[in-house]
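Note sheet for the following structure.
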Amino acid sequence: MPSVHLNSVSRRFGDFAAVKDVTAVIPDGAFVTLLGPSGCGKTTTLRMIAGLESNTGGVISIGDSTVSDPARGIFLPPEKRNAGMVFQSYAIWPHMTVFDNVAYPLRLRRLSRQEVHAKTMRALDLVKMSAYAERPAPLLSGGQQQRVAIARAIAFEPSVLLFDEPLSNLDAKLRDEMRIELRALQQRLAITTVFVTHDQEEAMALSDRIIVMRQGAILQNDTPEGIYFRPAPLNVAEFCTNSTIIPATVISSEAGRDSRILEVQGDGWSGRVQASDHVAQGRPVSVIVRAESIRVDASPVHAVDQQEISWRGRVEKNVFRGSRRTLIVRVGDTAFTVDAAPENDVGVDRDVTLSVTLGDTWSIPAATTSARTEAA
Ligand SMILES: Nc1ncnc2c1ncn2[C@@H]1O[C@H](COP(=O)(O)OP(=O)(O)O)[C@@H](O)[C@H]1O
Ligand SMILES: [Mg+2]
């Protein structure tokens, strides 16, 4: 299977730059997700890979072949790119049976009757829908219709699969099941896949790599763990994790085992936090602590420990959510979001101690963050 290369790819609509200078590689056989809020350019990027939209700048290649390069007048139409697409609206044809829906792209390619039959049934088998082959498409549930749309996209053995929010219309439980199925199917077929979603949990569950986008540009291209545990810039943490961001100033910096360790001073607290790089003494940083890594208890502030930071605060909100309990705890100017164990009912208006271990912290130079935010 080929890899997909985006080299400085841009798309303007008049004066408006929907996609700006996007450079990324979708490795051979990998599942890569474009993640970002609505309007950040995900669909436009996907459509440019498919050839449904032309890039106004940059070069797109699939494998060894350049499929679009406006500077050289190269533009391959969608049917020459061998990409299978699945959309949020299932876009299966209501007047056809399940079989005919999946067979359609094969007949379009003028395959023999036997080949059409064999490939259609194989694709339906892969999505566990072969028993429904003769069913008229409108009689299917949403999940079944989406399976048919996936079967249609894989039936002609495309070299690239492109998904645009395909699970967004499904209810939560079915969406979870389909995520697992889709990931298993992609791994079995080992097709290079680009998946678009605005749902960070979905992106984490499915992907080998995640490309976080905002305002037409790439913020971070990393593994799911990299995005989650080592976000940069700050708006990746804001979009992809449920974190509290606390301002602090660097006192000193030393090399840690697999990151830098910064000694920082905040407003009424100090402690040690992880960072990707050295930050000079006196520089501001944003310290990021994820909601689920904060411990909360009623005891006074813990003895000062090199491996831990603690804050004393007051519980403002306490929301039981079944699998967890979300607390909003006020510490000076900062409102911490804490995901506590569901049985840890600490009440409201009570003083509590929050603590986080060094290994669960991350920090980003604050100056770099604001410069990037302005640029975006
Ligand atoms: N054909 C178009 N004409 C003008 N603006 C467009 C067109 N298509 C998309 N856009 C704009 O480009 C931006 C990115 O859109 P899109 O790629 O659909 O975002 P996403 O899929 O991330 O929600 C949006 O501001 C959208 O309004
Ligand atoms: Mg979109």
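The values are calculated or read from the model by the stated rules, or taken from the named source; none is laboratory data. The model shown is predicted, which means the values in this text are computed figures rather than measured ones. Cβ atoms come from the backbone with ideal geometry, glycine included; neighbour counts cover every protein chain shown. Just the protein is used for accessible areas: all its heavy atoms, side chains included, with ligands, DNA and RNA removed. Shrake-Rupley method; radii C 1.70, N 1.55, O 1.52, S 1.80 Å.
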Yes/no for Glu165 being in the same structural domain as Leu206 (by TED's automatic domain parsing) and open to solvent by 60 Å² or more (accessible area, probe 1.4 Å): no
Checking Pro224 against (1) out of contact with any strand residue (DSSP E or B) (no Cβ under 8 Å at 6 or more places or on another chain); (2) closer than 30 Å to Asn55 by Cα, the condition it does not meet: (1)
Odd one out for Pro300, checked against (1) open to solvent by less than 90 Å² (accessible area, probe 1.4 Å); (2) not in a strand (DSSP E or B): (1)
Complete set of residues in the range 253-270 that are in a strand (DSSP E or B) and charged (D, E, K, R): Glu254, Arg260, Glu263
Checking Val236 against (1) farther than 26 Å from Ile218 by Cβ; (2) of a type outside the set (S, T, N, Q); (3) not assigned by TED's automatic domain parsing to the domain that holds Arg325, the condition it does not meet: (1)
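Taking the range 304-319 on its own, how many of its residues are outside any strand (DSSP E or B) and open to solvent by 90 Å² or more (accessible area, probe 1.4 Å)? Quick ask: steps written out before the conclusion?
Applying the first criterion (outside any strand (DSSP E or B)) to the range 304-319 yields 304-307.
Imposing the further condition that a residue be open to solvent by 90 Å² or more (accessible area, probe 1.4 Å) reduces the set to 304, 306-307.
Final tally of qualifying residues: 3.
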Hits in the range 228-252 - residues which are open to solvent by 10 Å² or more (accessible area, probe 1.4 Å), in a strand (DSSP E or B) and among the hydrophobic types (A, V, I, L, M, F, W, C): Ile245, Ile251
Qualifying residue in the range 82-94 (condition: open to solvent by 10 Å² or more (accessible area, probe 1.4 Å), more than 12 Å from ligand 1 (Cβ to nearest atom), part of a strand (DSSP E or B) and hydrophobic (A, V, I, L, M, F, W, C)): yes
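So, Phe195, is that one within 16 Å of ligand 2 (Cβ to nearest atom) and either in the same structural domain as Leu124 (by TED's automatic domain parsing) or out of contact with any His (no Cβ under 6 Å at 6 or more places or on another chain) (or both) or not? Step through it out loud before you land on a result.
Values: within 16 Å of ligand 2 (Cβ to nearest atom): yes; either in the same structural domain as Leu124 (by TED's automatic domain parsing) or out of contact with any His (no Cβ under 6 Å at 6 or more places or on another chain) (or both): yes.
Against the criterion (within 16 Å of ligand 2 (Cβ to nearest atom) and either in the same structural domain as Leu124 (by TED's automatic domain parsing) or out of contact with any His (no Cβ under 6 Å at 6 or more places or on another chain) (or both)), Phe195 qualifies.
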Lone unmet requirement of (1) under 27 Å from Gly41 (Cα atoms); (2) in a helix (DSSP H, G or I) for Ser168: (2)
Residues that are open to solvent by 60 Å² or more (accessible area, probe 1.4 Å), within 25 Å of Thr241 (Cα to Cα) and away from ligand 1 (no atom under 11 Å from the Cβ), drawn from the range 21-46: Thr23, Val25
In the range 36-64, the residues that are outside any loop (DSSP other than H, G, I, E, B) and either within 16 Å of ligand 2 (Cβ to nearest atom) or modelled with pLDDT under 95 (or both): Lys42, Thr43, Thr44, Thr45, Leu46, Arg47, Met48, Ile49, Ala50
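Please pick out the residue among Glu157, Glu202, Glu177, Glu225 that is open to solvent by 20 Å² or more (accessible area, probe 1.4 Å), in contact (Cβ under 8 Å) with a residue 24 or more places away in the chain, assigned by TED's automatic domain parsing to the domain that holds Gly143 and not in a loop (DSSP other than H, G, I, E, B). Quick ask: steps written out before the conclusion?
Values: Glu157 fails: not in a loop (DSSP other than H, G, I, E, B); Glu202 fails: open to solvent by 20 Å² or more (accessible area, probe 1.4 Å); Glu225 fails: in contact (Cβ under 8 Å) with a residue 24 or more places away in the chain.
Glu177 is the lone residue from the list that is open to solvent by 20 Å² or more (accessible area, probe 1.4 Å), in contact (Cβ under 8 Å) with a residue 24 or more places away in the chain, assigned by TED's automatic domain parsing to the domain that holds Gly143 and not in a loop (DSSP other than H, G, I, E, B).
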